Every structure is written in C-alpha cells, then in structure tokens.
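Read the figures in this text as sums done on the coordinates, not as results from a lab. Model, not experiment: these values are computed from the prediction. With ideal geometry, Cβ positions are generated from the backbone for all residues, glycine too; neighbour counts draw on all protein chains shown.
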C-alpha cells in the first residue's frame, strides 16, 4: 500500500471543524429562542457536536501520524463524520419543522 491520502484527512478536518462551529451556532440559537427544553433538537445537536469533535481529532491525528495507522484513523474519522452529518441533517429538519408550528 502507498502513503495515506493526506488531502482526504485535511478535508475531513476542515469540514468537521466548520460543522462543529455550526453545531455551536444551533445550540446557541436554541438557547436564545428558548426552545431547547421543549424539543430533543439540543440533545441530537450535542451528539453531532461530539461526533464532529471526534472526527476533527482523529483526522488531525491521521495528518500528524506518518505510519499505516493514519489510514485507519482517517477511515474512522470519515465514518464518524458521516454519522455526524446525518445527525446534523436530522437536527436541521427538526429545527425547521419546529419553527413552522
């Protein structure tokens, strides 16, 4: 096998750190709008925040690691990122439907 795909880890790191900021923005918006105690949106967003933080950490470690373990770290970061993205999508749907009512 060749060297690990470093640009992929860098993209995962960049995207997950940006989405981590969006999760914090959603949590702040829920608090300001005073709807955080009425829905499960904040719990789902908090889980997505944790997943994006894990994805950031693993992709960073993959970039810094020069061994074959970096491929494993990159793959785990990728899967965690996708799960976090799915949760963020669910959060956006719930947030939208809650704002319509």
* Helix 6-32 vs. the chain, principal-axis angle (Cα, 0 to 90°, nearest 10) -> 20
* Asked: Which angle between 0 and 90 degrees, to the nearest 10, do you get for helix 69-100 versus the longest principal axis of the chain when only C-alpha atoms count?
  -> 10
* Structure fact -> Longest principal axis of the chain (C-alpha) makes with the long axis of helix 41-64 (C-alpha) an angle, in degrees to the nearest 10, of 20
* Using the alpha-carbon centroid of each, what span in Å lies between segment 41-100 and segment 7-25? -> 8
* Asked: Reported to two decimal places, what Rg/Rh ratio describes segment 6-100 when computed on Cα atoms with Rh from the Kirkwood expression?
  -> 1.08
* To do: Run the numbers on the chain and let me know its relative contact order in percent, using alpha-carbon pairs under 8 Å that are six or more apart.
  => 35
* Determine which residues of segment 58-101 fall in the zone a paramagnetic label at residue 38 would reach in this model, i.e. backbone nitrogen under 16 Å from the point 7 Å along Cα→Cβ. => 94-101
* Structure fact -> Taking 0.36 nm per residue of separation between residue 66 and residue 17 and subtracting their Cα-Cα distance, the length gained on full extension comes to 15.4 nm
